[in-house]
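What follows is calculated from the coordinates using simple rules that are stated; it is not laboratory data. Here the structure is a predicted model, which is why all the values come from computation and not from measurement. So basically every Cβ, Gly included, is an ideal-geometry build from the backbone, and we count neighbours across all protein chains shown.
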Amino acid sequence: MAETSFDIVIVGGGPGGYVTAIRAAQLGMKAAVVEREHLGGICLNWGCIPTKALLRSAEVYHNIQNAEAYGLSVTGASFDLAKVVARSRAIAKQLNQGVRGLLRKNKVAIIDGHGKLAGKGKVRVEKDGKVVADLTGKHILLATGARARLLPGLEPDGKLIWTYREAMVPETMPKSLLVVGSGAIGIEFASFYQDLGAEVTVVEVLPRILPVEDEEISAFAEKTFKKRGMTIHTGATVKSLKKGSNNVTATIEKNGKATDITVDRVILAVGIVGNVENIGLEGTRVKVDRTHVVIDEWSRTGEPGVYAIGDLTGPPWLAHKAEHEGVICVEKIAGVKDVHSLNVGNIPGCTYCRPQVASVGLTEAEAKEQGLTVKVGRFPFVGNGKAIALGEPEGLVKTIFDAKTGELLGAHMIGAEVTELIQGYTLARTLETTEAELIHTVFPHPTLSEMMHESVLDAYGRVIHF
Amino acid sequence: MPIQILMPALSPTMTEGTLAKWHKKEGDTVESGDILAEIETDKATMEVEAVEEGILGKILVPDGSEGVAVNEPIALLLEDGEDSSALDDAIVSALASKTLAPAKAEATLSAPTEPQFSSAVSAGDGSRVFASPLAKRMAIQAGIDLGSIRGSGPGGRIVKHDIESAVIGGVPPEPAIAPQAAAAPILVLEPAQGAAYREQPNSGMRKAIAQRLGDAKRNIPHFYLTVDCELDGLLELRKDLNARSPEGEGAYRVSVNDFVIRAAALAIRRVPNVNVSWTDSAILLYNDIDISVAVATPGGLITPIIRKADNKGLAVISSEMKDLASRARDGKLAPEEYQGGGLTISNLGMFGVKEFSAIINPPQSVILAVGAAEPRPVVKDGALAIATVMSCTLSVDHRSVDGAMGAQYLAVFKKLIEEPLTMLL
């Protein structure tokens with residue numbers, strides 16, 4: 001029998017779980033990861049990574065179709081959906097193997113099966129209904145993640161009505177598609193299918209798409225998507241989905257008026273719920289609030305020795321949040337000095353639609369709600385030489401400063417490659433720079449990053465190129 | 001042409017200040033980095049460092065001048081090779097520019113501010129202090145000497161949070177270093193004629209208590225609400241709970257004060273509008289329910305915090321409180337463990353105090369003063385009976401919390417204490 005006694009047993013091998021395991025091992029702890037399906041979790045296998053692969057295919061295809069604009073001629077451009085999907089799956093597979101290698105290198109035990117709490121300091125692992133291992137851990141960390149939220153009456157069937165999972169491996173290209181929900185997941189799929197030629201309709205219950213973003217960014221995104229031919233209904237709900245033989249008729253209600261549309265496929269992306277079931281929480285002091293485990297700033301649950309991180313513990317549902325929570329948690333357990341709890345305001349969020357969206361910190365409305373007096377800077381892509389040269393003149397970089405202290409309260413960007421740029425502002429927030437340091441920073445020319453400088457200058461009435 | 005030395009802005013909002021004292025005389029040689037003068041605002045005293053070298057040719061604004069506008073020329077510096085004859089024209093032009101000063105102030109704000117940043121980053125003893133740019137600026141704006149603050153950031157770096165805590169809620173953790181001139185002395189009392197005494201120098205903690213509670217009592221319009229809570233049910237439950245404590249690991253011994261902490265926290269859930277801070281522009285309503293508990297230490301009073309106390313059970317509160325109190329007495333609390341909090345509990349019951357009124361612990365709006373639990377005659381169903389009664393007095397900041405709100409809070413608190421089983425809900 002393999003080793004069953006550990007310093008820490010981590011239930012769930014997603015980005016939160018496996019990164020935590022590696023950090024725990026670095027700190028000299030004997031660590032185990034229990035994973036029921038894929039190392040790397042949803043993120044790596046059915047989320048972040050494979051969707052980026054799909055979106056890249058869509059982007060390249062879009063660029064080929066626009067080759068003329070760059071002085072290139074391409075004729076007969078087309079795509080093979082099966083190969084696009086196969087590329088995405090291959091990339092997920094490759095990285096999944098990579099995680100396995102990393103865990104082995106760090107001497108983390110990998111236990112294949114479904115883990116659940118089974119008494120103080122115990123985790124039972126089951127596979128195909130049979131107990132395969134009983135583990136003991138001085139500390140147990142739950143990182144079981146989350147799954148798509150389902151609304152009554154709008155149940156996915158995996159054929160005509162999809163969740164993210166089926167949407168990632170289409171067998172045929174739907175001619176028309178309804179996306180329910182306009183958060184990051186919904187909008188990325190809407191953008192992908194739109195680029196590959198589907199007629200896409202998005203329905204959002206809130207008054208604007210990408211509702212967690214700054215209002216100006218939401219409005220900019222909506223305008224851009226509509227210009228591309230997307231149909232967007234905000235402040236609207238899908239009342240019912242009626243399945244035909246190879247299509248679905250959806251009843252959409254807006255302002256009390258119902259309209260029916262018929263589409264080939266539907267994608268449901270109306271939020272996610274924590275995987276709190278069947279992990280042995282019953283009879284423990286772990287508290288669950290609306291499908292999420294309640295934790296304190298060090299990821300402790302109500303049950304001594306049991307911790308929880310990542311999607312399981314609530315928003316923002318982001319891989320990088322899970323990783324940081326996990327690292328902080330084990331560092332605290334190991335007694336590392338100078339551990340700081342996670343500042344949620346410094347977690348950037350990225351959406352990889354076309355144009356991309358990225359943000360960190362407060363929106364303008366949130367800053368004002370807090371009673372802060374703000375200085376707002378804006379810089380449009382059209383004022384940036386590199387953006388023009390790339391053929392990407394549409395976008396905006398918005399920065400929000402505390403007028404009194406010069407603190408960078410938030411940054412919001414939409415346009416090409418902004419997901420790669422946002423960390424500049426994230427670093428600024430983490431280091432607590434003021435506008436002065438940002439203004440003194442030399443940004444290389446010609447780059448898109450110059451817009452980040454200009455936006456700050458604009459907030460202080462010093463913008464140069466606009 | 002002599003160089004004009006301008007009145008610096010100590011903060012972006014400063015428009016004028018007092019030139020407290022010149023450190024150099026006319027004719028003195030000045031090297032870059034020398035302290036030229038001290039400037040005072042209502043918030044702070046700062047030293048002006050020389051940026052250029054030369055000879056101090058003419059002081060235009062003498063010691064003790066009040067209301068000196070930012071960017072007004074305050075002195076003229078003769079450059080190498082210049083003699084005093086060069087001063088005459090310069091004085092004329094300096095005085096001429098005086099009228100322009102207010103207009104110029106806005107435009108050149110950042111330039112004169114900067115030398116001040118460097119003086120703010122060294123502690124009183126001249127050693128380097130690590131602080132984030134935002135923390136440095138906030139410290140200048142608040143008139144806080146960074147040397148008096150211990151940083152909670154990576155490697156002890158002073159970050160925004162530390163300044164906020166120092167401004168609104170903190171006792172400086174390092175008693176050795178007092179804020180240089182953060183606040184002018186408020187009261188100076190001469191000892192009585194001929195009385196013999198010995199001096200016990202004020203520790204930083206003592207000074208902080210004096211200043212913060214002095215400010216609180218002077219500035220906060222306190223009002224006081226008292227209720228009597230019958231405690232017999234709670235004492236019974238406590239006895240029962242403690243009897244069920246396991247031996248060894250996980251053992252607990254819940255005190256009456258632990259119940260008070262939990263009841264105070266749960267009552268905030270029901271009446272969240274007492275968990276607030278008054279500021280001139282807005283009332284800040286806290287998301288978390290953090291309860292400060294006054295602990296007497298040899299150095300003075302400190303208020304460690306049970307964070308999110310409403311989410312914590314009695315055993316957790318009890319063990320956290322024991323840990324915090326013992327480390328408080330050893331002076332080993334980290335700043336984040338006592339800075340912040342939304343409501344303070346001060347319990348003097350163990351000394352037999354029947355009831356008292358506490359001074360609000362700013363920036364909080366309420367403090368609960370808990371007296372002794374003692375058998376008292378009470379009237380029950382028209383007949384005299386004996387009950388264990390504990391009097392609790394809530395001191396309330398009337399700027400942020402009105403009487404009815406305070407009373408409502410206290411009523412919920414009393415009900416929780418008197419029906420302790422409802423604390424399980």
query = Quick one: A:GLU216, A:GLU331, fewest Cβ neighbours within 10 Å first, how do they rank?
reply = A:GLU216, A:GLU331
task = Show which aspartates and glutamates lie in cross-link reach of B:LYS217 when reach means a straight Cα distance below 16 angstrom and same-chain residues fewer than eight apart are skipped.
result = B:ASP397
remark   = With +1 at each Lys and Arg Cβ and -1 at each Asp and Glu Cβ, the charge dipole magnitude of the range B:208-424 around its Cα centre, to the nearest 20 debye, comes out at 220
note = Per DSSP, the loop-located GluC sites (Glu not before Pro) within the range A:118-193 having at most 13 other beta carbons within 10 Å are A:GLU171
request  = Between the alpha-carbon centers of the range B:47-64 and the range B:338-403, tell me the distance in whole angstrom.
outcome  = 57
ask   = Size of the dipole of the protein assembly as shown about the Cα centre, Lys and Arg at +1 and Asp and Glu at -1 on the beta carbon, nothing else charged, in debye to 20?
value = 3960
ask   = Taking the C-alpha atoms of the protein assembly as shown, how large are the radius of gyration and the largest Cα-Cα span, Dmax, in Å?
value = 32.3, 106
key: Listed pairs A:LYS52/A:LYS138; A:LYS83/A:LYS227; A:LYS159/A:LYS254 exceeding 32 Å between Cα atoms   = A:LYS52/A:LYS138
query = Using θ = phi - 60° and the Karplus curve 6.51 cos²θ - 1.76 cosθ + 1.60, what whole-Hz ³J(HN,Hα) does each residue of the range A:450-466 get, with Gly and Pro shown as x?
reply = 4, 5, 5, 5, 4, 4, 5, 4, 4, 4, 10, x, 10, 4, 9, 9, 8
key: Dimensionless Rg/Rh of the range A:423-466 - Kirkwood Rh, Rg from C-alpha atoms   = 0.95
request  = Starting from the range A:50-107, pick out the trypsin sites (Lys or Arg not before Pro) whose DSSP state is loop and whose Cβ has at most 13 other Cβ atoms within 10 Å.
outcome  = A:LYS107
task = Counting only C-alpha contacts under 8 Å and six or more residues apart, can you give the relative contact order of the range A:79-162 as a whole percent?
result = 13
request  = Can you find, among B:ILE367, B:ILE268, B:ALA294, the residue farthest towards the positive end of the dipole of the protein assembly as shown? Put +1 on the C-beta of Lys and Arg, -1 on that of Asp and Glu.
outcome  = B:ILE268
key: Shielding by other protein chains, A:432-439, mean Cβ within 10 Å   = 5
message = Out of the trypsin sites (Lys or Arg not before Pro) in the range A:171-230, which ones are loop residues according to DSSP with at most 15 other C-beta atoms within 10 Å?
response = A:LYS175, A:ARG228
message = Can you order the peptides A:265-271, A:436-442, B:227-233 by their average number of other Cβ atoms within 10 Å per residue, highest first?
response = A:265-271, B:227-233, A:436-442
message = Rounded to the nearest 20 debye, what is the charge dipole size of the range A:10-122 about its Cα centre when +1 sits on each Lys and Arg Cβ and -1 on each Asp and Glu Cβ?
response = 800
query = Normalised by the residues of chain A, what does the relative contact order come to in percent, with Cα pairs under 8 Å and at least six apart?
reply = 14
query = Per the Kirkwood definition applied to all pairs of different Cα atoms, how many angstroms is the hydrodynamic radius of the range B:208-424?
reply = 17.8
inquiry  = Taking only Cα atoms of chain A, what ratio of Rg to Rh do you get with Rh as the Kirkwood inverse-distance radius?
reply    = 0.98
message = Can you give the Rg/Rh ratio of the range B:286-336, where Rg is from the C-alpha atoms and Rh is the Kirkwood radius?
response = 0.98
